[in-house]
Amino acid sequence: MEVVYAAPGRINLIGEHTDYNLGFALPIALPERTVVSYSPTDTDRIVVRSDREDGEVTIALDTAPGAVEGWAAYVAGVVWALRGAGHEVRGGTMSITSEVEVGSGVSSSAALECAVLGALVTAADLPIDRIAQARIAQRAENEYVGAPTGLMDQLAALFGEAKRALLIDFKKTSVEPVYFDPDSAGIGLLLINSRAPHRHAGGEYAARRTACERAAEQLGVSSLREVQDEGVEVLDRLADPVERRRARHILTDNQRTLEVVAALEDSDFGQVGRLLTASQASMRDDFEITTDHIDLIADTAVEAGALGARMTGGGFGGCVIALVADDTVGAVDDAVRRAVADAGYNAPAITRTHAGRGAAAVSRSR
C-alpha cells in the first residue's frame, strides 16, 4: 500500500511571534505543497529520499534527538514524536517532492513535517485529530530539530482552506476560518521573496522568545496574553527597555490581528493594508526582526501604491507580502525591482498568491 499525502507552505498575514506568547495570528495556507509518498513495510527503519537532495537517509524507528541531522531531521523528528505520543510507526520507504521554497519564510519545515505525519497517520489509520497532529509536528521541530518555534505553522498547514485565512487563538488553541478573497475585490496579494534566506535558528528567534518570557515573568504572568486587555500602559512596569519594546510588539500585533479580521468582515482592504504597514513598523522598531533589505522592499511597495506591506515569517530575511489594487500591481512590481537592483541586492521573486487548501491525502492505492 502506498500513501501519498500533501501539506502546504504558509504565509502569515499578521500576528508575528505571537504564537508562543499565546496571542493571535492570521495565516493562510499557500497553493504550493510538499508531497510525501510512503510505502510501509515490516522493517525497523524508514529510508527517505528528497527531490532536493542527493542520495537517501536511513532513519531507525527508535531514533532519538541528535541521531539525524539536516533536512532529514524533520522526518526523523516526526517519527520520534509520533512514537513518543504512544503510536506505532512502521518502517518503509518514503520519497519527498516539494514546491515550497526552503529558507524564504513560508514554513517549508512545517509543510514537510505535516506531510510526513499525515502519511504515517493515514497509513496506520491512527485516530489523531488535527490539533494533536499539530502538537506532534511542533514537538518534532522543537525537541528533535531544536528550533523553538510556536504552533502557528503546523496549524496553518493542517487547517488551511481556499479563500480563507485562519484566526488562531493560541491560548484556546482554536482555529476560526475568516473569509479572505482579495482577488474578488480587485486586490492582489503579492508575495515578494527577497531571496535573502531568513536565519533565526542561530539564536535570534530564541532571543526574542526569551525576552518575551522575561517580560511576562516581570509582570507576574505566565504569558503576555494575560495582560492583553490592560493595554500597553502595563508595560511601563518593565525596567528593561528592550523587553518593553519586545512585549509592546506582541500586544499591539495581537490587537492589529483582531482589527484585520474586523476589516475583512467589512471588505475594507484599505484598513487591512494600513494595519499590515503598522505591523511592519512594529517588527522593525520594537521587535527588531527585519533587515534593511526587507525594509526597503516593504517601504518601496507602499510608496509605489500598495495598500500595505509587511515582512512575513520569523524574520531576518525571507518574504514580504503586499496588498495591491489590480491596476497598481505593475507599478509596485517595477518599483520594487528597481529599488532592490539599485541597492545591489539580488533580484526578488514576485508572485501573486492566494489562500490554498490544507494538508490532505492525495491518493491511497493498493
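Could you tell me whether any residue of region 42-59 is without any contact (Cβ under 8 Å) to a residue 40 or more places away in the chain, crowded, with 18+ Cβ neighbours inside 10 Å, in contact with a helix residue (DSSP H, G or I) (Cβ under 9 Å, 6 or more places away or on another chain) and farther than 21 Å from residue 166 by Cα?
Yes: region 42-59 contains one or more residues that are without any contact (Cβ under 8 Å) to a residue 40 or more places away in the chain, crowded, with 18+ Cβ neighbours inside 10 Å, in contact with a helix residue (DSSP H, G or I) (Cβ under 9 Å, 6 or more places away or on another chain) and farther than 21 Å from residue 166 by Cα.
Cβ-Cβ distance below 6 Å, separation of 6 or more or different chains: which pairs start in region 197-220 with a residue that is at pLDDT 85 or above and end on one that is of a type in the set (S, T, N, Q)?
Once the first residue is at pLDDT 85 or above and sits in region 197-220, its partners that are of a type in the set (S, T, N, Q) give 212/21; 216/223.
Collect the residues in region 137-149 that are surrounded by 23 or more Cβ atoms within 10 Å (Cβ to Cβ) and out of contact with any Gly (no Cβ under 8 Å at 6 or more places or on another chain), keeping them in residue-number order.
Matches in region 137-149: 137 only.
Evaluate region 187-196: report whether one residue or more is at pLDDT below 95, of a type outside the set (Gly, Ala, Ser), over 26 Å from residue 128 (Cβ atoms) and surrounded by fewer than 21 Cβ atoms within 10 Å (Cβ to Cβ).
Yes, region 187-196 contains at least one residue that is at pLDDT below 95, of a type outside the set (Gly, Ala, Ser), over 26 Å from residue 128 (Cβ atoms) and surrounded by fewer than 21 Cβ atoms within 10 Å (Cβ to Cβ).
Those residues that are under 18 Å from residue 15 (Cα atoms) and of a type in the set (Phe, Trp, Tyr), I need them from region 305-347; list them, please.
316
The values are calculated or read from the model by the stated rules, or taken from the named source; none is laboratory data. All figures in this text were calculated on a predicted structure; none of them were measured in a lab. Note: ideal-geometry Cβ built from the backbone for every residue, glycine included; neighbour counts use all protein chains shown.
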